[in-house]
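> If you scroll down you'll find the structure; I have some questions about it.
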Amino acid sequence: MALIAELLFGLISAAAFFLFGKNLLAIRRNILIGKEVSLNDHPSKRWKNVLLLAFGQKKMFRNPLVAFLHLIVYVGFIIINIELLEIIVDGITGSHRAFAPFLGTCYGFIINCFEILAALVLIACVIFFSRRNIIRIKRFISKDLNGWPRSDANAILITEVVLMSLFLIMNAADPESNFLVSSYLKPLLKGLSESQLSLIEHTAWWIHILGIYAFMNYLPYSKHLHIILAFPNAYYASLLPKGEMHNMVSIQNEVLYAMQPELAPTDAAAPEKFGAKDVMDLSWKNLMDAYSCTECGRCSTACPANSTGKLLSPRKIMMSTRDRLEAVGKNIEKNKSYVEDGKSLLHDYISVEELRACTTCNACVEECPISISPLDIILELRRSLVMEESNAPAEWNGMFSNIENNFAPWKFSPDDRDAWTSQA
Amino acid sequence: MKVSTMAEFMARGEQPEVLFWVGCAGSFDQRAQKITKAFATILDKAGVRYAILGKEEACTGDPARRAGNEFMFQMMAYQNIQILNGYEIKKIVTTCPHCFNTLKNEYPALGGVYDVIHHTTFLQELIEQGKIKFTDSNEWKGKSITYHDSCYLGRANEIYEAPRKVLESLDMELREMKRCKSKGLCCGAGGAQMFKEEEKGDKRINTERADEAIETKADFVASACPFCNTMMTDGIKNRDAEVKTEVLDIAEIIAKAIQ
């Protein structure tokens, strides 16, 4: 019987890790659909960002209370997962608390710490759940999250609560145990026979570990992927001043050759596509941003367009990019390579009206706790709209021609540019 | 007051300390011209040897680039850099955060490398160096003021303190809006929005920001960008006919204190 359980556990574990690895590789493949950009300069600054933004969660502390709760869940998640090692060893070898003999009195101390954290995580998750569903904080009831994204968020919180409860119940049902938090649960199990207790302990143990594996394999489909991608995303975060837009060297050269034809190479390559129409025209960092997004909505709350009722929501820009990327990924899986499906990120997933509402104020970029730039995507799509489709509002076309003819966005004579000096 | 152009400096065989990049708003917009004149007056009184490009200056290309028209941007950048490099310009001061951002961050990759400084930082330096002397009757003293952060100065380039330090040097009472510094709300003009109608929504962005400014009950609103100035002035005007809070550029406030 025990042998069967051990075998079964080994098989399930192998399957869980295999599936997880497979899905991560698919995500990696999807991210690499994006255009190459080199983001390996200044490694010391980049590691500093990983430490401050990812490990230190620096930006979360713009709202200290939420940051503290999130920190508990985060620390709890990492530390309690150390206990997973023992749980897996127990599962495979059939041992019971395999690490206890090695750690002696320390073992009790460590498990006590785990239990306190588990209780705190449980409380934090309940608070988070009520912020979403009872207090109904604005950024959580936004229409951005209608449907699956809202269920996704709630499913994660409920799973966390269940997993933490199982961990505590498992310890409470262990007759030899006497730990800090689970000892308070012991009265609930009073009067049960030793075999019943053992059954509860084992059941809790199994559901707990199966739950963890399920959670792990749920991650690639969920907004919760940030627990992994926040780290590389912080490393590859832009180190440029936020106001700086990416230079388009192809156009820079085209203008240069028009002005100084003697510099033009004879074998000039055909111009590439301008801006981004679809996910493959974005950079791989834009696409990693999309997978890293936790859909928390800090960006959209800070967005001047969104908060005054415009259609634009930077969070939705990231969610749409991920949705489109997933569709392209499935297309590739099915057809070996991408086959035109008549759709594109621009128009089918993100509308012109959304793009037109952006003031490029960088509030979304500033707020994102894990260095996502919705603005980068918006600007690349705008480039495609204007340069590939000549799609601009009439006022902008007027502005362009004023700049071209009068060297100012308004229709003034360039001769009057210094007219103010005569009144100074 | 005589404002010399680079061409005139060149003809005399001289080089100014700094080039004052006036910008399109500062050159043509009637409201922004007042800011330009105020800043030129300060430079003059502080004894700074400065020049302007005059008719040779052209749009940096910022609104075209942000609207998505990279060709137009590159054309303007090419022309401007040719002129700036031709005059061997080393240092540029500008009263417009959009020009500032483009000249400072975007021209270097195109071969235009200059020491670019925004006028609020420049004013702070002049005050610290004692080159700006306020009159004894400081009419600003004790007046309350709220400073509206420009996105292209603040988040885009992390300049939050210089404009505030300048206001504090006049013993003004600085009142912060609910959202300020890195959390500052945009006026609604950036990203070429200045040149088109706002998309449909519940409220105009400048009205939202004007409400926050009015809420501080400050005597004045300070801005450091000609576009923010227009948006805030319109926002306050539309909001409440009774509220006559004046929106003033940091340069205008200083200019009044030295006259």
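> Residue check, residue A:296 against (1) within 14 Å of chain B (Cβ to nearest Cβ); (2) modelled with pLDDT of 95 or more; (3) outside any helix (DSSP H, G or I), all met but one. Which one?
(1)
> If I filter segment A:254-268 down to residues being at the interface with chain B (Cβ under 9 Å from one of its Cβ atoms) and within 26 Å of residue A:37 (Cα to Cα), which single residue comes out as surrounded by the most Cβ atoms within 10 Å (Cβ to Cβ)?
A:255
> Now, a different point. Looking at segment B:179-214 only, could you name the residues that are of a type in the set (Asp, Glu) and touching a helix residue (DSSP H, G or I) at 6+ places or on another chain (Cβ under 6 Å)?
B:199
> Still on this structure: Can we say residue A:153 is touching a His at 6+ places or on another chain (Cβ under 8 Å), crowded, with 18+ Cβ neighbours inside 10 Å and at pLDDT 90 or above?
No.
Yes/no matrix, rows are residues, columns are (1) within 30 Å of residue B:150 (Cβ to Cβ); (2) surrounded by 19 or more Cβ atoms within 10 Å (Cβ to Cβ); (3) within 22 Å of the chain's Cα centre (by Cα):
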site	(1), (2), (3)
A:199	no, no, no
A:229	no, yes, yes
A:234	yes, yes, yes
A:248	yes, yes, no
A:280	no, no, yes
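> Take segment A:349-365 and flag every residue that is surrounded by fewer than 22 Cβ atoms within 10 Å (Cβ to Cβ) and either within 8 Å of another protein chain (Cβ to nearest Cβ) or touching a residue at least 40 places away in the same chain (Cβ under 8 Å) (or both).
A:351, A:353
> Where the second residue is outside any helix (DSSP H, G or I) and the first is at pLDDT below 95 and lies in segment A:408-424, which pairs have Cβ atoms under 6 Å and are six or more apart or on separate chains?
Going by the 6 Å Cβ cut-off, the qualifying pairs are A:424/B:1; A:424/B:3.
> Pick from A:116, A:135: which is out of contact with any strand residue (DSSP E or B) (no Cβ under 8 Å at 6 or more places or on another chain) and in a helix (DSSP H, G or I)?
After ruling out the rest, the residue left standing is A:116.
> Out of the residues in segment A:302-323 that are in a loop (DSSP other than H, G, I, E, B) and touching a residue at least 24 places away in the same chain (Cβ under 8 Å), which is farthest from the other protein chains (Cβ to nearest Cβ)?
Checked segment A:302-323; the qualifying residue farthest from the other protein chains (Cβ to nearest Cβ) is A:313.
> Collect the residues in segment A:366-381 that are in a loop (DSSP other than H, G, I, E, B) and either more than 13 Å from chain B (Cβ to nearest Cβ) or hydrophobic (A, V, I, L, M, F, W, C) (or both), keeping them in residue-number order.
Selection gives A:368, A:369, A:370, A:371, A:372.
> I would also like to ask the following. When you scan segment B:214-259, how many residues do you find that are without any contact (Cβ under 8 Å) to a residue 60 or more places away in the chain, under 13 Å from the mean Cα position of the chain (by Cα) and part of a helix (DSSP H, G or I)?
0
> Further, regarding this structure: If I go through segment A:388-412 residue by residue, how many of them are touching a helix residue (DSSP H, G or I) at 6+ places or on another chain (Cβ under 7 Å), of a type in the set (Gly, Ala, Ser) and over 19 Å from residue B:226 (Cα atoms)?
Adding up the residues that qualify gives 1.
> Report, by residue number, each residue of segment A:324-365 that is outside any helix (DSSP H, G or I) and in contact with a Cys (Cβ under 7 Å, 6 or more places away or on another chain).
Within segment A:324-365, A:359, A:361, A:362 meet the criteria.
> In a loop (DSSP other than H, G, I, E, B) and touching a residue at least 40 places away in the same chain (Cβ under 8 Å), is that true of residue A:50?
Judged against the criteria, residue A:50 is not a match.
> Sticking with this one: Inspect segment A:66-77 for any residue being surrounded by 15 or more Cβ atoms within 10 Å (Cβ to Cβ) and in contact with a Leu (Cβ under 6 Å, 6 or more places away or on another chain) and give the result as yes or no.
yes
> Shifting gears a bit: Just give me the residues in segment A:343-366 being polar (S, T, N, Q) and under 24 Å from residue B:151 (Cβ atoms), in sequence order.
The answer is A:351, A:359, A:360, A:362.
> Considering each of A:58, A:35, A:45 in turn, give the residue that is within 19 Å of residue A:290 (Cα to Cα) and charged (D, E, K, R). Spell out how you get there, then give the answer.
On the way: A:58 fails: within 19 Å of residue A:290 (Cα to Cα); A:45 fails: within 19 Å of residue A:290 (Cα to Cα).
Result: A:35 is the single residue among A:58, A:35, A:45 that is within 19 Å of residue A:290 (Cα to Cα) and charged (D, E, K, R).
> Within the group B:168, B:176, which residue is in contact (Cβ under 8 Å) with a residue 24 or more places away in the chain and more than 14 Å from chain A (Cβ to nearest Cβ)?
Exactly one residue qualifies, and that residue is B:176.
> Wholly within segment B:1-109, which helices (runs of 4 or more DSSP H) include no fewer than the required count, namely at least 3 residues that are facing another protein chain (nearest Cβ under 9 Å) and more than 23 Å from residue B:127 (Cα to Cα)?
B:23-28, B:62-67, B:70-86
> Answer yes or no: is there a residue in segment A:402-417 that is within 8 Å of chain B (Cβ to nearest Cβ), among the aliphatic types (A, V, I, L, M) and crowded, with 20+ Cβ neighbours inside 10 Å.
Within segment A:402-417, the first condition is being within 8 Å of chain B (Cβ to nearest Cβ), and the residues that meet it are A:403-404, A:407-410, A:412, A:414-417.
Of the ones still in play, those that are also among the aliphatic types (A, V, I, L, M) are A:403, A:408.
Retained after the next criterion (residues that are crowded, with 20+ Cβ neighbours inside 10 Å): A:403, A:408.
Yes, segment A:402-417 contains a residue that is within 8 Å of chain B (Cβ to nearest Cβ), among the aliphatic types (A, V, I, L, M) and crowded, with 20+ Cβ neighbours inside 10 Å.
> Taking the condition of being in a helix (DSSP H, G or I), more than 20 Å from residue A:125 (Cβ to Cβ) and touching a residue at least 24 places away in the same chain (Cβ under 8 Å), how many residues in segment A:138-169 meet it?
Residues flagged as in a helix (DSSP H, G or I), more than 20 Å from residue A:125 (Cβ to Cβ) and touching a residue at least 24 places away in the same chain (Cβ under 8 Å) within segment A:138-169 amount to 2.
> Suppose the filter is facing chain A (nearest Cβ under 8 Å), modelled with pLDDT of 95 or more and within 22 Å of residue B:42 (Cβ to Cβ); does residue B:152 pass it?
So residue B:152 fits the description; yes.
> Go through (1) free of Cβ contacts under 8 Å to residues at least 24 places away in the same chain; (2) surrounded by fewer than 16 Cβ atoms within 10 Å (Cβ to Cβ) for residue A:172 and report which single condition fails.
So residue A:172 meets the others, but not (2).
The values are calculated or read from the model by the stated rules, or taken from the named source; none is laboratory data. These figures come from a predicted structure and were not determined experimentally. Cβ: placed from backbone, ideal geometry, glycine included. Neighbour counts: every protein chain shown.
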